[in-house]
Amino acid sequence: MSAGLQPQRRDEYSFLPTLVSNTCIGMRLLLGSLGRKVALWRGSRTMRSTVMTDAQNTVVSQEKFDEMIKELEHLKTVRRTEIAKNLEYARSLGDLSENAEYQEARDLQAATEERIKKLEELVKYTKIVTDGKKKSEVSFNSKVSIKREGSDEVHEYTIVGSEEADMRVKKLSHVSPLGAALMGKKKGDTFTFETPAGKQTYTVEKVA
């Protein structure tokens with residue numbers, strides 16, 4: 001009888017190797033998933049730290065600060081509501097895996113939330129520059145006219161923080177190569193700074 005039961009015991013436990021193998025595969029998948037989540041968490045913390053550091057080093061005028069407050073309020077109320085409606089409509093179209101409108105709405109939602117986070121950090125940490133500068137010396141909000149050596153053409157700029165810099169309207173960031181070189185200069189001063197084309201020398205024609 002013992003000899004007859006022996007094969008049955010072997011069959012009874014034959015599932016164990018498969019069970020152990022599947023368990024190992026499951027554990028590897030779980031650990032891989034946890035590893036990805038930890039990496040994403042660390043990346044998120046690093047990005048947040050970078051944004052906060054940038055915000056702490058940012059200076060803006062009162063006008064720009066008010067603009068950021070207005071944009072933040074718009075994004076958190078009007079824009080979020082619009083995106084929510086777009087997502088609801090896109091879901092109603094059916095299969096989300098092949099729904100271009102849904103994916104577009106999700107991408108817009110992600111970009112909007114990222115902008116909101118950045119603005120919240122900027123509003124919290126940004127320094128507002130007042131008009132307490134010396135009028136004779138280039139500083140924040142200065143309007144400065146400069147002329148390159150060997151040229152008669154005069155260029156006019158307003159020195160601003162990096163958040164409101166816009167060369168289309170001649171608003172020059174104080175941390176740009178030219179802006180940094182101009183800070184503290186007075187009418188008649190000559191200065192040199194590095195450009196992709198090499199060193200350029202300019203003279204300050206006017207500071208206001």
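Bear in mind that the values in this text are calculations on the coordinates, not laboratory data. The model shown is predicted, which means the values in this text are computed figures rather than measured ones. With ideal geometry, Cβ positions are generated from the backbone for all residues, glycine too; neighbour counts draw on all protein chains shown.
Overview of values
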| read-out | value |
| --- | --- |
| Amide hydrogen neighbours beyond the local backbone of Val160, cut-off 5 Å, H modeled | Asn141, Leu172, Ser173, His174 |
| Environment charge at Thr192 (Cβ cut-off 15 Å; Lys +1, Arg +1, Asp -1, Glu -1) | +1 |
| Simple Cβ-charge dipole of segment 51-179, Lys/Arg +1 and Asp/Glu -1, about Cα centre, in debye nearest 20 | 560 |
| Modelled label reach - Ser145, point 7 Å along Cα→Cβ, segment 164-195 residues with backbone N closer than 16 Å | 186-189 |
| Set of aspartates and glutamates with alpha-carbon distance to Lys186 below 12 Å, sequence-local pairs under 8 removed | Glu137, Glu205 |
| Shape category assigned to segment 156-208 from the gyration tensor of Cα positions, a/c cut at 1.5 | oblate |
| Unsatisfied cross-links (Cα-Cα over 24 Å) in the set Lys171/Lys206; Lys64/Lys170; Lys70/Lys143; Lys64/Lys199; Lys124/Lys170; Lys70/Lys118 | Lys70/Lys143; Lys64/Lys199; Lys124/Lys170 |
| Extension gain from Met167 to Thr195, taking 0.36 nm per residue of separation minus the Cα-Cα distance | 8.5 nm |
| Segment 64-76 - phi-based ³J(HN,Hα) in whole Hz, Karplus 6.51/-1.76/1.60, Gly and Pro as x | 5, 4, 5, 5, 5, 4, 5, 5, 4, 4, 5, 5, 6 |
| Additional length obtainable on full extension of the chain from Gln103 to Glu205, 0.36 nm per residue less Cα span | 31.4 nm |
